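In what follows, a single structure is set out as structure tokens and then discussed.
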Amino acid sequence: MEAADALASAPKRSVGRRLADLFHGRRLLQVSGLLSGPLAWLVVGYIGSLIVLLVASFWSVSALTGEISQTFTFDNFNTIFTEPVYRTIAWRTVRVAALVTVTDAVLAFPIAFYMAKMASRRARAALVVGILMPLWSFYLVKVYAWRTMLSADGVINWALGPLGLHGPGYGTTAVWLVMSYLWLPYMILPIFAGLERIPDSLLSASEDLGASPFTTFRRVILPLAFPAVVAGSIFTFSLTLGDYITPQLVSNSQFIGNVVSTNITNNLPLASAFAVVPIMIMVIYLLVARAFGAFEHL
Amino acid sequence: MRFSRRSKILLRVAVAIALAFIYIPLIVIAIYAFNSSNLLEWPPPSLTLHWFPEAIKDAGARDAFVTSLKVGAAATAIALLLGTLASLAVAKHRFFGRETVSFLVILPIALPGIVTGVALSDTFTQVLGIDLSLFTVVVAHATFCIVVVYNNVVARLRRSSASIDEASADLGADPWQTFRYVTLPQMSTALVAGALLAFALSFDEIIVTTFTIGAGEQTLPIWIFSNLFRPNQIPIVNVVAVIVVLLSIIPVYLAHRLTREEEGVAGGRGAGAVATEATAMP
Amino acid sequence: MRGQGQAARLAWLIAAGLVVALFATGCGSSSSTGDRNTDMAQSVGKGEGELNLIGWAGYVANPWKSQFEKETGCQVNFKVGGTSDQMVQLMRTGQYDGVSASGNASARLVDAGDVSPVNVNLVPNYKTIFDDLKDQPYNTFDGTHYGIPHARGANVLMWNKDEVKPSPTSWDVMLDPKKAQQYKGKISVYDDPIYIADAAVYLKTHQPDLGIDNPYELDSKQFDAAVNLLKEQRANVGEYWSDALKQISAFAGGDDWLGTTWQYQYFALLDKGEPMDTSGETQGFVPKEGATGWSDTWMISSQAAHPNCMYEWMNFIVSPKVNAEVSQYFGEAPSQSLSCKPSTLTAAAKAAGLPENPKFCDQYHAADQSFWKNVYYWQTPLADCGDSRGDECMDYNDWVSAWTDIKG
């Protein structure tokens, strides 16, 4: 009786229920509903802004008034591709970005491996917190600390002085050093997560089959951890590619970001044209990274 | 796996070097926070606690701190919303363009800050004709914070099984109820971790902020930048940095504890969970 | 793979649509035709209670800043600009009321319509400004006044006298590659395209066959010579500076030993007890070739939210005692002739906590018109050479791209 009564007086279909019925089974509708917000924001808002930038790169600017004239021209791209200084700067930036990435990968791997495979649970937790905390200290303060450390009367020269050496001082080497420092945690964590996913049994099996630790590293660990390394490299590479504050504070070298920021004021079209270069580089880098499966390790 | 004594020692040394590398500059900052001279010479002539009350009294620093909190909170809220929506779509359904969504979401953070900053700034001032202000900063920050929430939640949702959702439906729950009582609790730790990281990202951001902030406003990084070379302010800047790092122990530890509770479910991943979640940021 | 293709098509569609939309709306860019602004105030009303200024480091400081705030009730918010480019950019946002513009900013601001003409009848203290500062090409355009002269000075050579010996009398210690090599990595150079003019001033004396007259109007031969000189200099440069305080900390920390600077940094370093020196007073504080310099003008924004406060500021800053305070504080020649009365100079120095110096104006050649003929005020390079060469000269865009080239 109760069951029948319950069925007879079934609750009225609320709006929520009706809406749910509408969406039920209609996957496209569900997906569109969920994605409409984020997509509108990202595609219309962000990609749209990038397109505005791209369009501006085809304009030109009056020398005196700084007024932008919207006549279409390839002049800016012509400038950055033909004048050697822009190639020098772009190449310098890419070179340092690659160096920083390699340096961080080399520095990060041992500590990530230790954390993943050798540390006790307590030590691992402590190390994770220890790696994450410095990320909370401000980027600017860290770079400025390096600036004072690298200064002629700074810590590094003070420490190396008695040994008869001196630090690199300011310059592109300093930029490489500081950037390697800044982005190291962003490389450690993905590699750590990636190494953790490698079952210990695989490593034991490799050992049982007679592989030396180095061979195990080379043929088992490295290939399995590689996508994670690529994931970390996305950040080290892109962060170095676009930074202009660190080069300004610890060197005289111009990086892509410096040229863009100097020209933003007076020659927005040229700055936009030059900004297209890191965009293209990163889009290609991301596509390659995705092919390596790095997106699973982010 | 057995490790030879030698490789154990080598690894330990490598870890020590890496940790030293990471922490020495921070120690230098801390020492400067106690430096009695404001000239940043090395070694510092003497130490003093004098700058700490100065920093707390500094109105510019306090205002900037509050502004950063407001911007961070707003940006995190938006990122939580948009990131969750996107990750739900991607994790729960198969549809064309699924991979493109991941690509789109990571783009704002993968492209150099100056590109994002200039592009957004131009769109605001030239195309939309709106003045730069805290609102534009929040929009910019939210844009690159989405990926942090998205990655965390997607990773979390991937680990949970679809059969739970089906069981919930079988028990008579409509999709909203399933979301509220089943999916949301599953995601909660990922949401918190994502929110913490998004907040951290926004709190420390300088480049995009420089291009999208109004003339009269200052977030904490902007305040630091404007005070970096003022001799009287440098020690205060260092003190502010030290205070923030110390304060950050709380959220970092929180995030760690929250994700550690999942150890049972996720099969002993332990701190790896924090790491996975933590890695989703630049 | 099929999904990928469709996703790509979708993305292209969206992008194409956006591009069409953008072009259709003309991208909504400001349609200003670059016309000069001609609105001029006819009276000064009650102060609005606030004032937003952009200026060079040290131009708006206590005691005169708080004195102004007390007298007028206008609270001053001061933003320091490191270079003229920065000031132009900030003025373009329309969020500031006024700026202390040097000649390489003023013309750009006027032609872009970012500043309004100034009604000098509303600025009583203007009458007694030195005559050779009035109606100049950098503050008066087609007979219309666009600003009130603040002060003028030269870009000076400064060195650490413990490290740089013998004391230099010429710019060659920085610009002659052989001499500059001695101080490799310790030289500090102003990070702005306008510095090319300094190389031109040097070449005017050392390579007279180039025929350089006005260092801001250079034809391609003269320009290339200056640019090459600076490219050679780069190897010896320790730092390119645009933030005055950054330069001070670099000299104090021993990273730089000599460089081009303003009196402001020189005095600040002396205050810290650093062993700095600069060209002698008898030379007018500049090396023997002469120097570039600046004559700064307070200009009012065409979008000023607080125009009354701005007019009050402009009158205040060139009042005799205040102008004497500012000039002595920064180390520049006052624009106000009445500031040079010894009693005014002394009273001003006392108020600003500076050593009394009734000879200040003589030292800084404030009233010496012939001295300023050898100081080449910053001005905006134009294609129009202003002489028989016609339109042959390099314009500011050329200078900017050359500067990127020089720094490498």
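Annotation for the stretch C:321-331: no member residue is in a loop (DSSP other than H, G, I, E, B) and at negative phi.
Listed by first and then second residue, the pairs linking a residue in the stretch A:262-273 that is assigned by TED's automatic domain parsing to the domain that holds A:Pro247 to a residue that is of a type in the set (Phe, Trp, Tyr), with Cβ atoms under 6 Å apart and 6 or more places separating them unless they lie on different chains, are A:Pro269/A:Trp59; A:Ala273/A:Phe77.
Can you find even one residue in the stretch C:195-209 that is over 23 Å from A:Asn267 (Cα atoms) and either outside any helix (DSSP H, G or I) or within 14 Å of chain A (Cβ to nearest Cβ) (or both)? Scanning the stretch C:195-209, I find at least one residue that is over 23 Å from A:Asn267 (Cα atoms) and either outside any helix (DSSP H, G or I) or within 14 Å of chain A (Cβ to nearest Cβ) (or both), so the answer is yes.
Residue check, C:Gln336 against (1) polar (S, T, N, Q); (2) in contact (Cβ under 8 Å) with a residue 40 or more places away in the chain; (3) farther than 16 Å from C:Ser100 by Cα, all met but one. Which one? With (1) polar (S, T, N, Q); (2) in contact (Cβ under 8 Å) with a residue 40 or more places away in the chain; (3) farther than 16 Å from C:Ser100 by Cα applied to C:Gln336, the lone miss is (3). The combined condition, being part of a helix (DSSP H, G or I) and touching a residue at least 60 places away in the same chain (Cβ under 8 Å), is fulfilled by A:Thr103.
Inside the stretch C:360-378, residues that are in a loop (DSSP other than H, G, I, E, B) and either modelled with pLDDT of 90 or more or more than 30 Å from C:Ala402 (Cα to Cα) (or both) make up a count of 6. For the stretch C:184-204, a residue qualifies if it is closer than 18 Å to C:Leu218 by Cβ and in contact with a Leu (Cβ under 7 Å, 6 or more places away or on another chain), and the qualifying residues are C:Ile196, C:Ala199, C:Ala200, C:Tyr202, C:Leu203.
Filtering the stretch B:108-154 to residues that are more than 7 Å from chain A (Cβ to nearest Cβ), of a type outside the set (Val, Ile, Thr) and more than 18 Å from C:Leu90 (Cα to Cα) leaves B:Leu128, B:Phe135, B:Ala140, B:His141, B:Ala142, B:Phe144, B:Cys145, B:Tyr150, B:Asn152.
Somewhere in the stretch C:142-156, is a residue in a helix (DSSP H, G or I), at pLDDT 90 or above and closer than 23 Å to C:Gly58 by Cβ? The answer is no, given that none of the residues of the stretch C:142-156 is in a helix (DSSP H, G or I), at pLDDT 90 or above and closer than 23 Å to C:Gly58 by Cβ.
Kindly check whether there is at least one residue in the stretch A:243-257 that is crowded, with 17+ Cβ neighbours inside 10 Å, modelled with pLDDT under 85 and not in a helix (DSSP H, G or I). No, there is no match, as no residue in the stretch A:243-257 is crowded, with 17+ Cβ neighbours inside 10 Å, modelled with pLDDT under 85 and not in a helix (DSSP H, G or I).
Scanning the stretch C:85-128 for residues that are in contact (Cβ under 8 Å) with a residue 40 or more places away in the chain, among the β-branched types (Val, Ile, Thr) and facing chain A (nearest Cβ under 10 Å) turns up just one, C:Val110. Within the stretch C:231-243, if we keep just the residues that are out of contact with any strand residue (DSSP E or B) (no Cβ under 8 Å at 6 or more places or on another chain) and within 21 Å of C:Leu175 (Cα to Cα), the residue that is farthest from the other protein chains (Cβ to nearest Cβ) turns out to be C:Glu232.
Please identify the pairs in which a residue from the stretch A:140-153 that is assigned by TED's automatic domain parsing to the domain that holds A:Val175 has its Cβ atom under 6 Å from the Cβ atom of a residue that is assigned to a helix (DSSP H, G or I) and small (Gly, Ala, Ser), counting only partners at least 6 apart or on another chain. Listed pairs, sorted by first residue: A:Val141/B:Ala241; A:Leu150/A:Ala174.
Just one of the listed residues (A:Ala123, A:Ala116) is surrounded by fewer than 19 Cβ atoms within 10 Å (Cβ to Cβ), in a helix (DSSP H, G or I) and facing chain B (nearest Cβ under 10 Å), and it is A:Ala123. Here is the figure for the stretch C:306-363: residues that are closer than 30 Å to C:Ala41 by Cα and among the basic types (Lys, Arg) total 1. Among the residues of the stretch A:70-102, the one identified as within 14 Å of chain B (Cβ to nearest Cβ), in contact with a Ser or Thr (Cβ under 6 Å, 6 or more places away or on another chain) and hydroxyl-bearing (Ser, Thr, Tyr) is A:Thr101.
Where helices (runs of 4 or more DSSP H) fall entirely within the stretch A:126-206, those with at least 2 residues that are of a type in the set (Ser, Thr, Tyr), facing another protein chain (nearest Cβ under 9 Å) and crowded, with 17+ Cβ neighbours inside 10 Å are at A:139-150, A:172-196.
What number of residues in the stretch C:39-55 are of a type in the set (Asp, Glu), within 26 Å of the chain's Cα centre (by Cα) and assigned to a loop (DSSP other than H, G, I, E, B)?
Counting residues in the stretch C:39-55 that are of a type in the set (Asp, Glu), within 26 Å of the chain's Cα centre (by Cα) and assigned to a loop (DSSP other than H, G, I, E, B) gives 1.
Of the candidates B:Ala89, B:Ala74, the single residue that is more than 9 Å from chain A (Cβ to nearest Cβ) and either assigned to a helix (DSSP H, G or I) or without any contact (Cβ under 8 Å) to a residue 60 or more places away in the chain (or both) is B:Ala74. Only residues that are part of a helix (DSSP H, G or I) and within 8 Å of another protein chain (Cβ to nearest Cβ) were counted across the stretch B:173-199, and they come to 2. Residues in the stretch B:92-127 that are of a type in the set (Lys, Arg) and not in a helix (DSSP H, G or I): B:Arg94 only. Only one entry in A:Leu270, A:Leu239 is facing chain B (nearest Cβ under 9 Å), modelled with pLDDT of 90 or more and part of a helix (DSSP H, G or I), namely A:Leu239. Helices (runs of 4 or more DSSP H) fully within the stretch B:200-279 that include at least 3 residues being within 14 Å of the chain's Cα centre (by Cα), modelled with pLDDT of 65 or more and not aromatic (Phe, Trp, Tyr): B:234-260.
Taking the criterion of being part of a helix (DSSP H, G or I) and surrounded by 22 or more Cβ atoms within 10 Å (Cβ to Cβ), the residues of the stretch C:233-251 that qualify are C:Gln247, C:Ile248, C:Ser249, C:Ala250, C:Phe251. Considering (1) under 30 Å from B:Ala14 (Cα atoms); (2) surrounded by fewer than 18 Cβ atoms within 10 Å (Cβ to Cβ), the lone condition that A:Phe109 does not fulfil carries the number (2).
To keep it simple, each residue is scored yes or no on (1) among the small types (Gly, Ala, Ser); (2) in contact (Cβ under 8 Å) with a residue 40 or more places away in the chain; (3) not assigned by TED's automatic domain parsing to the domain that holds A:Leu140.
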| position | (1), (2), (3) |
| --- | --- |
| A:Thr173 | no, no, no |
| A:Val178 | no, yes, no |
| A:Leu184 | no, yes, no |
| A:Phe192 | no, yes, no |
| A:Leu209 | no, no, no |
| A:Thr216 | no, no, no |
| A:Leu222 | no, no, no |
| A:Ala228 | yes, yes, no |
| A:Ala231 | yes, yes, no |
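Filtering the stretch C:202-232 down to residues that are in contact (Cβ under 8 Å) with a residue 60 or more places away in the chain and under 22 Å from C:Trp257 (Cβ atoms), which residue is surrounded by the fewest Cβ atoms within 10 Å (Cβ to Cβ)? Per the stated criteria, the residue is C:Lys231. Collect the residues in the stretch C:379-403 that are more than 9 Å from chain A (Cβ to nearest Cβ) and in a loop (DSSP other than H, G, I, E, B), keeping them in residue-number order. Across the stretch C:379-403, the qualifying residues are C:Gln379, C:Asp384, C:Cys385, C:Gly386, C:Asp387, C:Ser388, C:Arg389, C:Gly390, C:Asp391, C:Glu392, C:Cys393, C:Met394.
The values are calculated or read from the model by the stated rules, or taken from the named source; none is laboratory data. Model, not experiment: these values are computed from the prediction. No Cβ is skipped: glycine too gets one built from the backbone with ideal geometry, and neighbour counts run over all protein chains shown.
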